[in-house]
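The values are calculated or read from the model by the stated rules, or taken from the named source; none is laboratory data. Since the model is a prediction, treat every value here as computed from it, not as a measurement. No Cβ is skipped: glycine too gets one built from the backbone with ideal geometry, and neighbour counts run over all protein chains shown. Note: accessible area is taken over every heavy atom of the protein model, side chains too, but ligands, DNA and RNA are not part of it. Shrake-Rupley method; radii C 1.70, N 1.55, O 1.52, S 1.80 Å.
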Amino acid sequence: MLLCRPCQAQIISMMNTECILEPLSLPESPGGVAAVESSPYVPCIFCKECYLLAEQNQLLLKHMIIEHKLVIADVKLVADFQRYILYWKKRFTEQPITDFCSVIRTNSEAPLEEQDNYFLLCDVLPEDRLLREQLQQKRLREILEQQQQERYDTSFHGMCMFCDQEFTGNRSVLLNHMAREHAFNIGLPDNIVNCYEFLSVLQNKLDNLQCLYCEKVFRDKNTLKDHMRKKQHRRINAKNKEYDRFYIINYLEFGKSWEEVQSEDDRELLDNLEEDWSDWEEHPMCAVCLFCEQQADTTEKLYFHMQNSHGFDFLKIKSEHGLNFYQQVKLVNFIRREIHHCRCYKCQEKFQSKTELISHMEETKHITFLPARSTWDQPQYYFPTYENDTLLCTLSDSEDLTAEDSSEDVPVVSEDTSNLKALKQSSVLNQLLYEENKSQDKF
């Protein structure tokens, strides 16, 4: 949004030296995914052993099963294995493993000393399911950003695998050339991601005299060309999982192949018009209190908490001041900013911590007194103090004003029917009816 110079000057003049220049974020629940170290190694969840990321499905999982009796279910459905491991490594230091994992006892009929307890970590646990979904969404966003960058990239440079002709500009130029001139179609350019790597994999196969479709190896280049032409193998094998990572469709629903996604026909929805949505679950959006870090999944619970714990009645203030949606937004952002600066918005006294500030405001009842409207009803407070402030999304116009507007009596002027005979004689319909009958008599 562009602001004219007078508006810019007005906003700048109102903002003091305590401007918040860095993006702020409210605490989230549950805690975000642990930060990933820029390392090619993945640590064990329980000890200091580390393994190369490329060997995750073998050595690390084997180590955790043998040494620590931990089994992770459906590892192939984890979009980012490294972040997943780092997250649970942190969580297991905070709470016992039995709080997260199901315990499976082996040799239950054997003597006690021969029995073993294994721990199963799977998405039956809501926290694990949420983590997997977050990792999948992050992976999808990264892939879509990469595809978008490649789609509009004009610095591409590549060579045709069949005629050695060079192409520059956009990747679509080379892909369309191979499809048109050599009948080699690997799909629409917009459906492909990591194009450089994809073309490099295909070129390496041809350099190794390997057929792109059946994977057979031939003794020389001419024999390979004849084979691919006669057998119509100048294409890639859709069953080859090696190519899945180069197509966007394989990132849409993690754990499903492109064939499964493609086979899901929307027409099946018409066969069950009365589909039961009772099992629909939506992750609640938690809003944070204006004065502490208490969170609630509904605005009603949050308003009750602020009134009961801090003596701040948001609904009463909204009603008494007749605040519309935009004024509520500015008030919330104003209070957020003052609390962030540890400053009482009534007396302007500053404190060393938020705890001291809230204690002062509650003891002096300053928390219930808003400053003059001109102090907080300013354009600068259209901008959120915290960029993930969910409370702003739950605000609504004043219910009292809406009720008054809907209850107002709208005056209705009734038609004068005291003399119906005179009304009928003077009606314009008589003239229209006369002209219609006259036109019909001519025919």
What pairs can you find where one residue is in the range 285-312 and under 16 Å from T368 (Cβ atoms) and touching a residue at least 24 places away in the same chain (Cβ under 8 Å), the other is in a loop (DSSP other than H, G, I, E, B) and of a type in the set (D, E, K, R), and their Cβ atoms are less than 9 Å apart, with a gap of 6+ or different chains? G311/K365
Out of (1) more than 15 Å from N240 (Cβ to Cβ); (2) touching a residue at least 24 places away in the same chain (Cβ under 8 Å), the odd one out for V217 is which? (2)
Residue hits (the range 99-119; hydroxyl-bearing (S, T, Y), free of Cβ contacts under 8 Å to residues at least 40 places away in the same chain and under 18 Å from E67 (Cβ atoms)) are T106
Residues that are at pLDDT 90 or above and closer than 22 Å to P43 by Cβ: list the strands (runs of 3 or more DSSP E) wholly contained in the range 88-187 that include at least 1 such residues. 116-121
Applying the selection to the range 204-219, what residues are open to solvent by 60 Å² or more (accessible area, probe 1.4 Å), in contact with a strand residue (DSSP E or B) (Cβ under 9 Å, 6 or more places away or on another chain) and not in a loop (DSSP other than H, G, I, E, B)? N204, V217
Considering M306, M361, which residue is assigned to a helix (DSSP H, G or I) and closer than 24 Å to N388 by Cβ? M306
E242 is checked against (1) closer than 30 Å to F162 by Cα; (2) at pLDDT below 60; (3) open to solvent by 60 Å² or more (accessible area, probe 1.4 Å) and fails just one. What number does that condition carry? (2)
Single condition A183 does not satisfy, out of (1) surrounded by fewer than 16 Cβ atoms within 10 Å (Cβ to Cβ); (2) of a type in the set (A, V, I, L, M); (3) touching a Phe, Trp or Tyr at 6+ places or on another chain (Cβ under 9 Å): (3)
Please go through (1) among the acidic types (D, E); (2) at pLDDT 85 or above; (3) more than 25 Å from A79 (Cα to Cα) for E197 and return the number of the only condition it doesn't satisfy. (3)
